[in-house]
Amino acid sequence: MLSSDAILIRDGKEVKVAGTDIVPGDVVILQTGDRVPGDIRLLQVNNLACQEAALTGESVPIDKITDPIVAANGNPQQTPLGDRKNMCFSATLVSQGYGVGLIVSTGDNTEIGTINSLVNKVEEKKTAVLEQIAFIAKCLAGFISICAVITWCTAFFMLSESALDSLTIALTCAVAMIPEGLDAIVTMTYSWSVAKMAKQNAIIRKLPAVETLGSVTVICSDKTGTLTKNEMSLVAFVTSNAHYKNDVDNKTRTSTNFIRDDSYLAHRAAGAAGKSTAEVIHSGPSAHHGGKRQFGFSMHGENSYRGAKDDGLVEDLPTPEGDGPVSSDSTPVGAGESPSLTFIRQALVGGVLCSKCTLGKNGSREGEFGNPTELSILRASYFVDVDVDGMKANAPIVAEVPFSSEYKFMATVHAPSTENDGNTVSADEYVVHAKGAPDRMIKVCANQVKAGVLGETEPMNLEYWTEQIAILSSHGLRVLALCRGTVKKSELKEGDQLSASFVNGRDEPWLTMVGLCAIMDPPRPECVSAIAEAHTAGVRVAMITGDHKDTARAIGDQLGLVDEKYNDAITGPELDGMTEEELRKAVLKYNIFARASPQNKIQIVKALQAEGQICSMTGDGVNDAPALKAADMGVAMGKEGTDVAREASEMILADDNFATIVYAVKEGRTVWDNLRKVLLINTPINNAQGLSVLFGILLGLPQSPLTPVQVLYCNLICAVTLGFVAAVEPAEEGIMTKPPRRLGKRLIGRFLLLRIVIGTIALIATTVGSVFMVQNDYSLPEQRSQALNTLSFGAIAITISARYSHNSSFSTSILTGNPLCWYSVAIMTVLQLFITYTPGLNSVVFEMAGMDWYQWVIVLIFMVVTFVVMEVEKAVR
């Protein structure tokens with residue numbers, strides 16, 4: 001990401017220098033396409049803008065200035081990076097313009113270098129499952145050692161076996177009880193889930209991280225590209241009498257994407273209640289902060305028409321009383337109806353023609369070029385079935401006023417056409433389309449298009465348009481005004497490069513207001529339902545972004561993050577001024593954190609962890625890396641994310657979609673449940689294999705009921721077949737209606753331990769009991785066949801019951817959902833019949849003999865008994 005070289009001014013000459021040779025104090029020249037070589041204080045700018053999304057989270061390029069910025073509370077560090085508009089930052093990209101600046105820091109001392117040091121300071125954590133499995137292994141080792149010693153003593157003293165033979169029996173018992181396949185099954189459980197998640201675009205970088213997802217209590221998500229589309233879109237168009245809502249999710253090219261809905265964005269956002277019009281507009285995302293004024297634009301503008309008062313105060317405009325709905329006039333269509341394609345074409349033609357952007361393939365982002373805000377108008381036009389390329393080709397630019405951040409608008413001149421302009425322009429006139437910041441444009445407008453229909457105008461209603469700008473700004477929307485006018489063809493010639501005075505240097509206002517474009521990076525539609533599902537599962541979702549507070553709050557409101565409990569947003573600078581105790585309270589009070597710096601993100605994560613929360617953090621930028629690494633579960637974006645963010649994360653979203661995280665949380669809960677099911681299946685079976693030998697001897701059997709080969713076979717086949725069943729078991733019904741498991745919850749809690757004990761007792765009792773039932777009438781090989789088959793089919797009963805941790809297995813649903821279960825049962829049944837009846841194999845290798853029907857009845861009865869015992873325990877619990 002770092003610049004390989006840069007153009008510097010040394011000894012009064014421009015020289016090209018390698019990025020590694022740049023030092024603080026160098027003067028650097030920046031041009032479109034350059035990668036910024038260090039943190040730079042700007043000295044000169046000409047329409048300079050930088051793409052800083054990876055560093056600040058801003059979804060659009062940041063216009064740069066040279067004037068000093070007044071630091072909040074006198075502390076420059078409390079000014080968010082996105083508001084330091086007289087600075088350019090290392091590794092960001094110059095998207096337009098030209099600039100000259102002074103290198104103030106390089107390498108590790110830059111903002112991106114600071115982030116790198118924050119990442120290196122964060123220590124990696126060991127997951128709870130790894131720690132608990134290690135603890136379980138120690139407990140089992142101790143228990144098995146004790147049982148082995150008891151078995152040796154029993155064989156030596158009760159059976160009068162030799163010390164060596166007693167050791168053989170003891171080792172048989174120990175080997176039987178050791179869960180050799182546990183590690184393999186645990187790894188298989190993780191791997192199976194990882195494979196499933198990869199198919200759903202969730203790529204896990206570290207296997208144990210899957211389990212962490214299941215315990216997440218708070219998901220801290222970045223906004224741009226994760227909760228939103230990362231695609232600036234025109235969501236509404238406001239005319240003099242109506243609001244038109246644009247369906248940005250419909251990718252079918254039809255004029256019905258635009259619907260008149262006067263209730264949509266008809267009132268100020270709740271957060272703007274009680275604020276003046278000036279405050280609302282100034283705090284909106286379209287405001288250009290910086291310069292010597294507190295705000296870098298005014299409702300008059302530095303270049304407003306002659307005679308206009310030029311003091312930069314929005315308060316001089318008439319202040320509308322209230323923010324009532326727009327007119328009930330049904331021209332050109334009524335509420336809920338879609339206007340004609342002609343109406344939409346003529347309303348948006350200014351946004352299409354007054355643009356140097358290129359739309360992507362089929363209206364997508366693939367191959368697009370230009371400012372995202374301007375592209376949103378082209379994209380909206382394309383999806384209402386306007387031939388955007390044809391429109392631009394048929395009405396080429398005759399002359400233009402290029403855009404500049406100084407005057408915040410651009411204008412283009414075109415030959416008139418009936419398709420675009422109706423019959424409103426005479427043959428000796430050109431059409432002028434002007435597009436820009438609404439505060440600048442309304443001051444140069446004398447009239448407005450009546451109801452948005454070309455052909456009839458009326459005097460400009462300044463109060464109405466001022467309030468509409470305030471309403472849209474209060475919802476965090478970027479606002480562009482589309483205006484039009486006419487000039488005599490004799491006033492200019494083709495190819496003229498016009499100055500701003502062409503628009504704002506006239507004696508009187510002369511343009512006609514067509515409408516306002518309300519633009520935002522809209523929420524992903526699937527995220528709304530995903531967040532609702534997360535809330536149902538007891539998982540809180542918080543949004544941390546570098547974007548403006550009003551924008552963040554507006555998006556949060558649409559996503560369902562704002563409610564009675566979490567009803568406001570807080571900014572990074574506000575967090576910086578808090579004590580540790582106040583910060584811990586704040587992270588539990590707010591769901592929306594705006595203007596957050598990399599340090600803020602780590603503060604939020606650590607404060608949540610200090611409050612006992614299991615925190616997942618998502619992000620895509622370099623600025624997100626420290627928090628991704630500090631979080632219990634770091635989630636990076638795969639499409640738009642940076643390599644730095646991906647390296648710091650445990651999981652990568654291949655589709656950059658928040659809904660995938662919720663799916664991953666569900667899968668994480670399933671992994672935890674399946675690990676417990678694996679223990680419930682393997683532990684009783686292993687215990688019963690060894691303890692059946694011990695208890696058989698203790699209860700008076702003259703010989704061990706199981707041979708070493710039988711024990712090893714049972715140990716292997718049960719782990720490979722039955723253990724695998726639990727590893728691939730799908731999620732139980734209702735898994736996402738339960739709250740996250742509590743912090744520190746043991747893998748083997750008291751209820752699971754009780755089930756393991758009951759399962760162990762049931763298997764031992766049925767195995768040893770079955771041998772006693774046939775002891776007098778059957779030979780020792782037949783008794784050992786009885787013991788092995790009773791134990792093996794009892795293990796099948798344990799497995800079928802364990803498939804549901806909470807729900808009853810007395811249900812027809814047990815027959816579906818996991819076909820591998822019945823494949824495993826079938827394989828195990830065939831293998832049991834094979835080793836029981838195959839001559840030579842049964843007698844020589846396993847020391848067994850074939851069984852008659854009576855013995856099989858015993859096996860089936862004890863299998864049912866084992867199953868019923870496990871289900872009764874579940875029902876009682």
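The values are calculated or read from the model by the stated rules, or taken from the named source; none is laboratory data. Note that the coordinates shown come from a computational prediction; the quantities given were computed from them, not determined experimentally. As a convention, Cβ positions derive from the backbone with ideal geometry for all residues, glycine included, and neighbour counts pool all protein chains shown. Side chains are part of the model used for accessible areas, which takes the heavy atoms of the whole protein and leaves out ligands, DNA and RNA. Shrake-Rupley method; radii C 1.70, N 1.55, O 1.52, S 1.80 Å.
Assorted remarks:
- Residue pairs whose Cβ atoms lie under 9 Å apart, sitting 6 or more positions apart in sequence or on different chains, and linking a residue in the stretch 762-773 that is farther than 10 Å from L791 by Cα to a partner that is not in a helix (DSSP H, G or I), are V771/L701; V771/P705; F772/L699; F772/G700; F772/L701.
- Residue count for the stretch 569-613 satisfying the condition of being open to solvent by less than 60 Å² (accessible area, probe 1.4 Å) and under 21 Å from the mean Cα position of the chain (by Cα): 23.
- Of the candidates G556, G546, the single residue that is in contact with an Asp or Glu (Cβ under 7 Å, 6 or more places away or on another chain) and open to solvent by less than 10 Å² (accessible area, probe 1.4 Å) is G546.
- Single condition S117 does not satisfy, out of (1) out of contact with any Leu (no Cβ under 7 Å at 6 or more places or on another chain); (2) assigned to a strand (DSSP E or B); (3) free of Cβ contacts under 8 Å to residues at least 60 places away in the same chain: (2)
- Of residues in the stretch 468-484 being open to solvent by 10 Å² or more (accessible area, probe 1.4 Å) and either of a type in the set (A, V, I, L, M) or modelled with pLDDT of 90 or more (or both), the one nearest to the chain's Cα centre (by Cα): R478
- Conditions (1) within 26 Å of L753 (Cβ to Cβ); (2) of a type in the set (S, T, Y); (3) at pLDDT below 80: number failed by S160: (1)
- Some residue of the stretch 41-60 being at pLDDT below 90, part of a loop (DSSP other than H, G, I, E, B), over 30 Å from L227 (Cβ atoms) and within 34 Å of the chain's Cα centre (by Cα): no
- Of all residue pairs spaced 6 or more apart or on separate chains, those with beta-carbon atoms under 7 Å, a first member in the stretch 798-819 that is surrounded by fewer than 16 Cβ atoms within 10 Å (Cβ to Cβ) and a second member that is not β-branched (V, I, T) are H806/E732; N807/E732; N807/E733; S808/E871; S808/K874; S808/A875; F810/E871; G817/P730.
- Scanning the stretch 755-792 for residues that are surrounded by 19 or more Cβ atoms within 10 Å (Cβ to Cβ) and in a loop (DSSP other than H, G, I, E, B) yields one hit, Y778.
- Of the residues making up the stretch 479-492, one or more are more than 19 Å from Q346 (Cβ to Cβ) and in a loop (DSSP other than H, G, I, E, B).
- Checking the stretch 725-745 against the condition returns no match, with no residue being within 23 Å of Q855 (Cβ to Cβ), assigned to a helix (DSSP H, G or I) and either in contact (Cβ under 8 Å) with a residue 12 or more places away in the chain or open to solvent by 60 Å² or more (accessible area, probe 1.4 Å) (or both).
- When the stretch 590-615 is filtered for residues that are outside any helix (DSSP H, G or I), more than 20 Å from T92 (Cα to Cα) and either touching a Gly at 6+ places or on another chain (Cβ under 8 Å) or not charged (D, E, K, R) (or both), the ones remaining, listed by number, are Y590, N591, I592, F593, A594, G612, Q613, I614, C615.
- Single match in G723, G638, G668 (criterion: within 20 Å of K206 (Cβ to Cβ), in contact with a Gly (Cβ under 9 Å, 6 or more places away or on another chain) and not aliphatic (A, V, I, L, M)): G668
- Any hit, the stretch 67-82, residues being part of a strand (DSSP E or B) and open to solvent by less than 20 Å² (accessible area, probe 1.4 Å): no
- Qualifying residue in the stretch 164-175 (condition: at pLDDT 80 or above, open to solvent by 50 Å² or more (accessible area, probe 1.4 Å) and either closer than 16 Å to N682 by Cβ or in a loop (DSSP other than H, G, I, E, B) (or both)): no
- 2 or more residues open to solvent by less than 10 Å² (accessible area, probe 1.4 Å) and under 24 Å from M736 (Cβ atoms): qualifying strands (runs of 3 or more DSSP E) within the stretch 190-253: 218-221
- The set of residues from the stretch 582-618 being in contact with a Leu (Cβ under 7 Å, 6 or more places away or on another chain) and without any contact (Cβ under 8 Å) to a residue 24 or more places away in the chain comprises just one member, A586.
- Whichever residue in the stretch 820-833 is hydroxyl-bearing (S, T, Y) and more than 16 Å from V859 (Cβ to Cβ) and, among such residues, is surrounded by the fewest Cβ atoms within 10 Å (Cβ to Cβ): Y823
- Residues located in the stretch 834-858, provided they are part of a helix (DSSP H, G or I), surrounded by fewer than 14 Cβ atoms within 10 Å (Cβ to Cβ) and either in contact with a helix residue (DSSP H, G or I) (Cβ under 9 Å, 6 or more places away or on another chain) or not β-branched (V, I, T) (or both): F834, L841, S843, W853, Y854
- Search result, residues across the stretch 666-719 that are more than 51 Å from the chain's Cα centre (by Cα) and of a type in the set (A, V, I, L, M): V693, L694, I697, L698, L699, L701, L706, V709
- Single unsatisfied condition, Q703 versus (1) open to solvent by 40 Å² or more (accessible area, probe 1.4 Å); (2) modelled with pLDDT of 85 or more; (3) among the polar types (S, T, N, Q): (2)
- Filter result for the condition that a residue is assigned to a helix (DSSP H, G or I) and either acidic (D, E) or closer than 29 Å to T187 by Cα (or both), over T618, T660: T660
- Among the criteria (1) within 30 Å of Q51 (Cβ to Cβ); (2) assigned to a helix (DSSP H, G or I); (3) of a type in the set (D, E, K, R), the one D183 does not fulfil is (1).
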